[in-house]
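The values are calculated or read from the model by the stated rules, or taken from the named source; none is laboratory data. Only a predicted model underlies this, so the values are computations on that prediction, with no experimental measurement involved. Positions of Cβ are backbone-derived with ideal geometry, glycine not excepted, and every protein chain shown enters the neighbour counts.
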Amino acid sequence: MQRVQTDVLVIGSGVAGLYAALKLSELAQVMLVTKSAWHQSNSSQAQGGIAVAVGDGDSVAAHVQDTLRSGCGLNNREAVEVLAAYSFSVLDDLLRLGVPFDTDLAGRLELGREGFHSFPRVIHAGGDATGASIVHTLMQCVQAEENISVYEQTFVEQLVADGARCLGALLFTQGKHVLVQADAVILATGGCGQLYRETTNTLFSTGDGMAVASEAGAELVDMEFVQFHPTALAVPVHPKPLISEAVRGEGAVLVNGQGEPFMVQYHAWADLAPRDVVARAIFDQQQKGQRVYLDTTRLGSVFERRFPTIYRRCRELGFDPVTQPLPVTPAAHFIMGGVWTDEWGRTALDGLYACGEVACTGVHGANRLASNSLLEALVFANRIAEALREDINRMAAATAVMDVQPRFTDRHYALSARELMNHQATRELQEMMWADAGLVRTASGLNRLEAKLHEWESAWAHHHPVWWHMVRVAQAITRSALARTESRGAHYRADYPDEREEWRHIRTKWRRSTHECSPVTGTVETSVN
Ligand SMILES: Cc1cc2nc3c(=O)[nH]c(=O)nc-3n(C[C@H](O)[C@H](O)[C@H](O)COP(=O)(O)OP(=O)(O)OC[C@H]3O[C@@H](n4cnc5c(N)ncnc54)[C@H](O)[C@@H]3O)c2cc1C
């Protein structure tokens with residue numbers, strides 16, 4: 001097997017991976033690998049923007065408070081404070097690098113409004129093409145950097161670890177395995193929305209990073225907290241096109257089949273209530289036999305100017321948001337949980353760092369505030385680079401001989417990403433997860449799901465590395481959802497419909513070796529003041 005050596009291996013080409021690579025290239029030789037083409041990621045799809053408290057009257061304290069309120073008492077307050085405080089330097093850096101954020105005629109950043117933010121604070125680019133603009137700018141910088149080499153269509157099959165220390169990774173690329181030895185490995189592999197039948201996530205969001213990290217001995221935390229976005233366009237395509245929350249921020253309103261607004265019945269913030277509340281309200285309406293629409297006609301011609309990408313996609317699919325309400329439905333969108341890290345991106349395994357959606361600092365608590373995710377990816381990618389300034393010499397000094405046996409052969413990699421996601425086995429897994437680990441959960445459904453996952457694992461997981469990864473993450477979500485016998489934020493148990501005081505300060509940690517959950521100790525939550 002071919003062996004390669006690098007200072008730092010970065011896995012993933014979303015904003016987290018690209019920004020980490022860029023920052024780390026100032027101190028080390030970086031190898032960046034991604035299983036897709038470089039621009040194919042959830043990051044490239046991000047619409048609404050990035051939350052930064054730059055508006056009149058806004059403050060870091062208000063941003064912190066809104067994030068904690070949305071997180072339902074489960075956030076790691078220290079991480080939240082880091083997120084809000086570092087948002088300004090990240091914004092300055094993105095402007096310096098050339099991200100074309102939208103400005104008004106006076107040259108001031110335009111600020112959008114999204115759910116549960118107490119101020120307009122969402123900066124955006126190209127109207128609703130924020131993610132693509134940032135990814136494009138970062139990639140240009142990465143390509144100009146001599147210290148970074150980029151490898152596309154390169155799949156990370158396993159991390160290599162000796163129990164306490166991550167030593168590198170086993171890759172599959174161009175029909176063969178390659179073993180990479182690295183002083184430090186940065187996981188930036190994004191989320192796992194593709195576990196669900198209804199999702200806004202790209203075909204590449206299959207939870208690989210969480211699976212390989214847990215196999216190597218890292219811990220997965222808060223895995224029961226999957227965020228379902230309220231307003232995916234209700235059309236029979238996979239993944240579902242997202243109608244950004246910023247559209248409601250501009251005045252669009254959710255209505256039932258009779259054209260009646262209904263969100264006032266569910267929350268004082270009505271259409272701008274937290275995502276979990278809005279998603280469950282829509283689900284509730286659907287259970288009552290209603291179709292749900294987003295009345296975008298109230299925006300008139302503003303829609304096309306402010307949301308050109310969404311407008312184009314709607315038109316392609318036969319809808320005109322200016323003249324007709326859009327049919328919408330909830331869809332899996334984001335996972336608050338992931339690989340446990342401290343506030344510097346360090347995981348429980350020495351030499352392994354994680355940032356972006358794959359990681360879990362606890363910053364989002366039980367429910368992520370809109371537009372905090374791109375920010376999280378950027379802030380903590382930068383923190384990893386800062387941490388590695390100290391850590392890298394210690395890492396480089398450690399010499400260990402790596403050996404690993406591939407679990408899969410080239411035969412197993414025959415399916416393309418599209419074929420894999422269209423496969424009946426994938427559909428079956430997504431259907432099971434949607435039914436029993438979706439917006440509304442019960443012990444009986446989750447127990448049934450665990451048993452079905454076990455059967456599915458024996459039948460399918462050994463036939464493709466992505467299936468192997470998907471089932472691990474599905475198991476972590478299911479076991480964590482069973483463990484949390486209460487409802488909080490995005491995790492709703494119909495058999496335990498209320499928040500329970502005894503769970504208020506408990507975050508769950510899942511270990512692959514035992515398939516058991518235990519409470520996270522140490523950097524646990526702090527609630528809203
Ligand atoms: C439609 C949509 C709109 C959104 N809008 C917003 C928004 O407006 N604001 C906001 O803050 N957040 C938004 N989000 C969420 C946000 O985009 C993501 O949480 C964030 O971009 C995650 O960035 P990331 O770099 O961690 O992961 P990603 O952008 O998902 O990138 C992951 C990368 O890892 C690679 N990868 C995965 N597995 C492997 C493997 N085994 N081997 C090699 N490479 C691998 C993938 O190919 C990809 O390049 C949105 C999400 C979606 C889906």
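Would you say Leu203 is under 30 Å from Ile477 (Cβ atoms) and assigned to a loop (DSSP other than H, G, I, E, B)? Outline the logic, then answer.
Working: under 30 Å from Ile477 (Cβ atoms): yes; assigned to a loop (DSSP other than H, G, I, E, B): yes.
Yes, satisfied.
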Query raised in the report: Within the set of pairs 6 or more residues apart or between chains, which connect a residue that is in contact (Cβ under 8 Å) with a residue 24 or more places away in the chain inside segment 202-213 to a residue that is more than 7 Å from the ligand (Cβ to nearest atom) and of a type in the set (Ser, Thr, Tyr) with Cβ atoms less than 7 Å apart?
Result: Ala213/Thr347
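May I ask you to verify whether Glu250 is surrounded by fewer than 20 Cβ atoms within 10 Å (Cβ to Cβ), in contact with a Lys or Arg (Cβ under 8 Å, 6 or more places away or on another chain) and touching a residue at least 24 places away in the same chain (Cβ under 8 Å)?
Values: surrounded by fewer than 20 Cβ atoms within 10 Å (Cβ to Cβ): yes; in contact with a Lys or Arg (Cβ under 8 Å, 6 or more places away or on another chain): yes; touching a residue at least 24 places away in the same chain (Cβ under 8 Å): yes.
Judged against the criteria, Glu250 is a match.
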Requested in this report: Could you identify the single residue in Ala21, Ala84, Ala46 that is within 23 Å of Ala396 (Cα to Cα) and under 20 Å from the mean Cα position of the chain (by Cα)?
Outcome: Ala21
Requested in this report: Return only the number of the condition from (1) away from the ligand (no atom under 16 Å from the Cβ); (2) free of Cβ contacts under 8 Å to residues at least 12 places away in the same chain; (3) within 24 Å of the chain's Cα centre (by Cα) that Ala461 does not satisfy.
Outcome: (1)
Query - Test set (1) closer than 20 Å to Gly345 by Cβ; (2) more than 14 Å from the chain's Cα centre (by Cα) - Gly209 fails condition number - result: (2)
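Can you tell me which residue among Glu152, Glu215 is acidic (Asp, Glu) and within 10 Å of the ligand (Cβ to nearest atom)? Before the answer, list the steps.
Details: Glu215 fails: within 10 Å of the ligand (Cβ to nearest atom).
So the residue among Glu152, Glu215 that is acidic (Asp, Glu) and within 10 Å of the ligand (Cβ to nearest atom) is Glu152.
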Query raised in the report: With (1) within 15 Å of the ligand (Cβ to nearest atom); (2) not in a helix (DSSP H, G or I) as the list, and Leu105 as the residue in question, which single condition is left unmet?
Result: (1)
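Given the condition in contact with a Cys (Cβ under 8 Å, 6 or more places away or on another chain) and closer than 30 Å to Ser70 by Cα, answer yes or no: does some residue in segment 387-394 qualify? Even if it seems obvious, please write down each step before you answer.
Taking segment 387-394 as the starting set, the residues that turn out to be in contact with a Cys (Cβ under 8 Å, 6 or more places away or on another chain) are none.
No: zero hits.
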Query raised in the report: Looking at (1) closer than 17 Å to Pro327 by Cβ; (2) modelled with pLDDT under 95; (3) among the acidic types (Asp, Glu), can you tell me which one Glu260 breaks?
Result: (2)
Query raised in the report: Would it be correct to say that Glu450 is surrounded by 15 or more Cβ atoms within 10 Å (Cβ to Cβ), touching a helix residue (DSSP H, G or I) at 6+ places or on another chain (Cβ under 8 Å), of a type in the set (Asp, Glu) and more than 25 Å from Ala53 (Cβ to Cβ)?
Result: yes
Query raised in the report: Cβ-Cβ below 7 Å, separation at least six or inter-chain, first residue in segment 94-123 and under 21 Å from Gly251 (Cβ atoms), second hydroxyl-bearing (Ser, Thr, Tyr) and part of a loop (DSSP other than H, G, I, E, B): which pairs?
Result: Glu114/Ser371; Val122/Ser371
**Report entry** Exclusive hit being basic (Lys, Arg) and buried (at least 24 other Cβ atoms within 10 Å of the Cβ), set Arg305, Arg291, Arg275
**Finding:** Arg275
Query raised in the report: Residues Gln265, Gln174: which one is more than 30 Å from Leu449 (Cβ to Cβ), without any contact (Cβ under 8 Å) to a residue 24 or more places away in the chain, not hydrophobic (A, V, I, L, M, F, W, C) and not assigned by TED's automatic domain parsing to the domain that holds Ala16?
Result: Gln265
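Name every residue in segment 165-218 that is β-branched (Val, Ile, Thr), farther than 18 Å from Gln40 by Cα and surrounded by 22 or more Cβ atoms within 10 Å (Cβ to Cβ), in order of residue number. Show your work before the answer.
Filtering segment 165-218 for residues β-branched (Val, Ile, Thr) gives 173, 178, 180, 185-186, 189, 199-200, 202, 206, 212.
So of that shortlist, the ones also farther than 18 Å from Gln40 by Cα come out as 178, 180, 185-186, 212.
Within segment 165-218, Val180, Val185, Ile186, Val212 qualify.
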